[in-house]
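A quick write-up on the structure given underneath.
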Amino acid sequence: MLSCDPTGVTATVKACFEESLVQILSPRRRIDVLREVMLSRQQNKKPYVITFCGVNGVGKSTNLAKVCFWLLDNGYRVLIAACDTFRSGAVEQLRTHAAHLSSLHPPNTNGPPNVQLFERGYNKDAAGIAMEAILYANQQGFDVVLVDTAGRMQNNEPLMIALAKLISVNKPNLVLFVGEALVGNEAVDQLKQFNRALRDHYEGGVASETPIDGILLTKFDTIDDKVGAAISMTYTTGQPIVFVGTGQTYNDLKSLNVSSVVTSLLN
């Protein structure tokens, strides 16, 4: 009589499932931001430009500040470009972050600032402000420019055209979509529609199939149902999750550890 080994079957199924999840969450393109920043300065003699985009209320500005803190911790000088000229209080929020970050990473005696805000107020052309900021950063020797943009719904055509203009005119090195893990498949739909809208409205040539280069997933404090959003976004678009936000402080920003996420999920 043949014996059945349920434990062995379970272990095999689990191992196959784990392998599949690791493959899904592992990016097709690996983005090493620190290395790319270094190469941009050494080879191109230009600052590395990161543009943050996404829908309203997902924490773009707060997570931009976290990325800024991480870059400062790694010895890079950062210029923050306030290109959300639409939302009341957006510039003031970034000004507060810049002041706080500057106090945490003060300049050397009589040295240039390690972090600075570039702003031109409200109701201005965001693409033009970003262009000015990048030029200023190059002149002042900043290593990185972080471009904040207004939150917008993916079906708001005028605002999507404005974002496409900012990206096509300034050609940032990295475009990050900031999405909220809590909303699950809605974030996947937002990301797909952002890519489609940016591709359709790209100026001066043909955009890549996926104008957005990577994902910053917020509210990833615990590993539970939020992993579903991460799996869906990466599998659907093929774009890597570059960072995950895990709390409210500047330190609460991490790279996605695929093995740890999968292990925690399956256990």
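Summed over the range 61-93, the residues that are touching a strand residue (DSSP E or B) at 6+ places or on another chain (Cβ under 8 Å) and outside any helix (DSSP H, G or I) give a count of 9. In the range 94-200, counting only strands (runs of 3 or more DSSP E) that sit wholly within it, the ones holding 1 or more residues that are closer than 13 Å to residue 80 by Cβ and open to solvent by 30 Å² or more (accessible area, probe 1.4 Å) span 115-118. For residue 230, the conditions (1) outside any helix (DSSP H, G or I); (2) surrounded by 15 or more Cβ atoms within 10 Å (Cβ to Cβ); (3) modelled with pLDDT under 85; (4) among the small types (Gly, Ala, Ser) are fulfilled apart from (1). Among residues of the range 202-219 being at pLDDT below 80 and closer than 21 Å to residue 158 by Cβ, the one that is surrounded by the fewest Cβ atoms within 10 Å (Cβ to Cβ) is 204. Filtered by the rule that a residue be assigned to a helix (DSSP H, G or I) and open to solvent by 30 Å² or more (accessible area, probe 1.4 Å), the range 31-41 gives 34, 35, 36, 38, 39, 41.
Checking the structure you have, find out if any residue of the range 13-30 is modelled with pLDDT of 75 or more, outside any helix (DSSP H, G or I) and either under 21 Å from the mean Cα position of the chain (by Cα) or surrounded by 10 or more Cβ atoms within 10 Å (Cβ to Cβ) (or both). Scanning the range 13-30 turns up at least one residue that is modelled with pLDDT of 75 or more, outside any helix (DSSP H, G or I) and either under 21 Å from the mean Cα position of the chain (by Cα) or surrounded by 10 or more Cβ atoms within 10 Å (Cβ to Cβ) (or both).
Looking across the range 42-60, the residues that are part of a helix (DSSP H, G or I) and surrounded by fewer than 24 Cβ atoms within 10 Å (Cβ to Cβ) come down to 42, 43, 44. When residues in the range 125-177 are screened for being β-branched (Val, Ile, Thr), over 25 Å from residue 76 (Cβ atoms) and within 14 Å of the chain's Cα centre (by Cα), 0 of them pass.
Contact annotation: residue pairs with Cβ atoms under 7 Å, 6 or more positions apart or on different chains, pairing a residue in the range 254-267 that is hydroxyl-bearing (Ser, Thr, Tyr) with a partner that is at pLDDT below 70, are 264/223.
The values are calculated or read from the model by the stated rules, or taken from the named source; none is laboratory data. No experiment lies behind these values; they were computed from the predicted model shown. Cβ atoms come from the backbone with ideal geometry, glycine included; neighbour counts cover every protein chain shown. Accessible surface is based on the protein model in full, side chains and every heavy atom, while ligands, DNA and RNA are left aside. Shrake-Rupley method; radii C 1.70, N 1.55, O 1.52, S 1.80 Å.
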